[in-house]
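The structure appears right after this line, and notes come after that.
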Amino acid sequence: MLLSNRAKLHSDVRGFFEKAIWLFLRLSAVLGLVAAITFLFFRLIRVNATTVGFFYLVAILFVATGWGFLEATVASVAAMLCFNYFFLPPVGTLTIADPQNWVALFAFLATSLTASQLSARLKRQTREALGRQREMERLYSLSRAILLIEPTQPAAKQMAHQIAYTFELPVVALYDRGSGEIHLAGAEARPEFLIEIKSKLLDVASKSTEFQDESGLTIAPIRLGREPIGGMAMVGAHLSDAALQSILNLVAVGLEKVRAQEAVNRAEVTRQSEELKSTLLDAIAHEFKTPLTSVKAVTTDLLSESATRSPEQQRELVAIADEGVDRLERLVTEAIQLARIEGGKFRLNKEVHFPSSLISAALRQMKPSTEGREIQVLVRDDLPLVFVDAELVQLVIRNLIDNALKYSPPGSPIMIRAEADNDRVTISVADRGPGIPDTEQQIIFDKFYRGAKERNHTKGTGMGLAIAREILYAHGGDIWIRSTPQAGSEFSFSLPITSKEKAA
């Protein structure tokens, strides 16, 4: 499948000659060993025939243990002939004068052949046991890898690469019927291979039948119970049937586990989305009620024909309605921004701005809320420019100022500072309120969270800080808090300066 017919024929012929040469060398070594024993006891050391036969038998056992039955058989026959010719009378002929020597000779031959066969069988069984042990170790490694699959990449692709790596296969193709994708892995994986086997792989996966050919290609279905959920093609997989089925079962369990996890994740996302909608609606409904009530009261009073008011009273009523509308506008803005963040539709419109201009614009927008409060602004004009979405950063500043106004005494000042540090500009808003306990500082930026002491008598939805954090994360910045009980809180956030400023 992977090679052309000519290349495959050349490879087969070369493999045949290599095996033939290796067999010839082994048989030559066997005959050389028998010849060496014969020369030793015939020319150099004179011993009786029984001792020579014992040494022949030991040599045959070593050959059987080291190489196999064929080599041991050749050694047995060669040893029998040498034993007969050189050590049994009449010496120098293959005839035997004493009939008892015939019995001894055939007993020697039978013993050597039986011993060599038993030794070869034991060696084969040992080799098979080691092979099964190696298969078990590889299956264990594969099972661990499947359990640790990364959810960020296709599971079938990771499993194909892991199978090729663990079992040292040149090519693995794994078809996931659920996604309809085929993933290739292995050192010799080529697109041409996929073109050749795609139709067979899909056919095997749909009919749950196995396919094998002489080139070493194996295609097997992946089933979960009786239902086919994919297929796998492997080249050069010299595996037992049990190991192959174990691989297929592991892949089936892995694919099903990933699908089940995806279903759980989708259900969890849906549940969280529903909870978010419910919480958001509850919070907004509660917060909308107060300004709507004031606006409704003002408009009802203004429309009343029986009431007589001075111009000052009318302006005061209109101011109340205007303040309520402003509050409604801020609530709607927060809800829209949070919905965009949660829906993944968060986009930045970045431009170059002075930090001082961002703070000034936010303060102008909050002028009705800050009247009568002391606002201290410590911002140098020579701060580096920042590359940000001005509208969103102003929303962050407004949220922090609004928090400071709500959670600090009416007569206490609010301080706004900005300073540069390396490639960042840090803006801080500090108040002299009751402070935030350490236990709450870690969760104060969560959606809808509000301080335990203030949530019942301070207006708010708990969305402001969560929105601010997401806006700053999108800019590549961060937000944090420093707070001391009864001494106030300081919220700080960082913004990246422009590339031009960095170069300077």
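A few remarks follow.
- Residue satisfying condition, being at pLDDT 85 or above and open to solvent by less than 100 Å² (accessible area, probe 1.4 Å), within set L23, L57, L27: L27
- Checking E454, E470 one by one, the residue that is more than 23 Å from Q394 (Cα to Cα) and at pLDDT below 85 is E454 and no other.
- Test: G435 is more than 44 Å from the chain's Cα centre (by Cα) and among the small types (G, A, S): no
- The residues in segment 399-423 that are of a type in the set (K, R) and either modelled with pLDDT under 90 or open to solvent by less than 10 Å² (accessible area, probe 1.4 Å) (or both) can be counted, and the count is 1.
- Considering the conditions (1) open to solvent by 80 Å² or more (accessible area, probe 1.4 Å); (2) of a type in the set (D, E); (3) at pLDDT below 75, E287 is excluded by exactly one of them, (1).
- Any hit, segment 196-209, residues being closer than 22 Å to L142 by Cα and surrounded by fewer than 18 Cβ atoms within 10 Å (Cβ to Cβ): no
- Total residues in segment 375-432, condition over 27 Å from V332 (Cα atoms) and touching a helix residue (DSSP H, G or I) at 6+ places or on another chain (Cβ under 7 Å): 10
- Here D98 does not qualify as at pLDDT 85 or above and among the charged types (D, E, K, R).
- Unmet requirement for G433, which otherwise passes all of (1) open to solvent by 10 Å² or more (accessible area, probe 1.4 Å); (2) small (G, A, S); (3) in a loop (DSSP other than H, G, I, E, B); (4) at pLDDT 85 or above: (1)
The values are calculated or read from the model by the stated rules, or taken from the named source; none is laboratory data. Since this is a predicted model, take the numbers as computed values, not measurements. In this analysis, Cβ positions are derived from the backbone assuming ideal geometry, glycine residues included, and neighbour counts consider all displayed protein chains. With ligands, DNA and RNA removed, areas are computed over all heavy atoms of the protein, side chains included. Shrake-Rupley method; radii C 1.70, N 1.55, O 1.52, S 1.80 Å.
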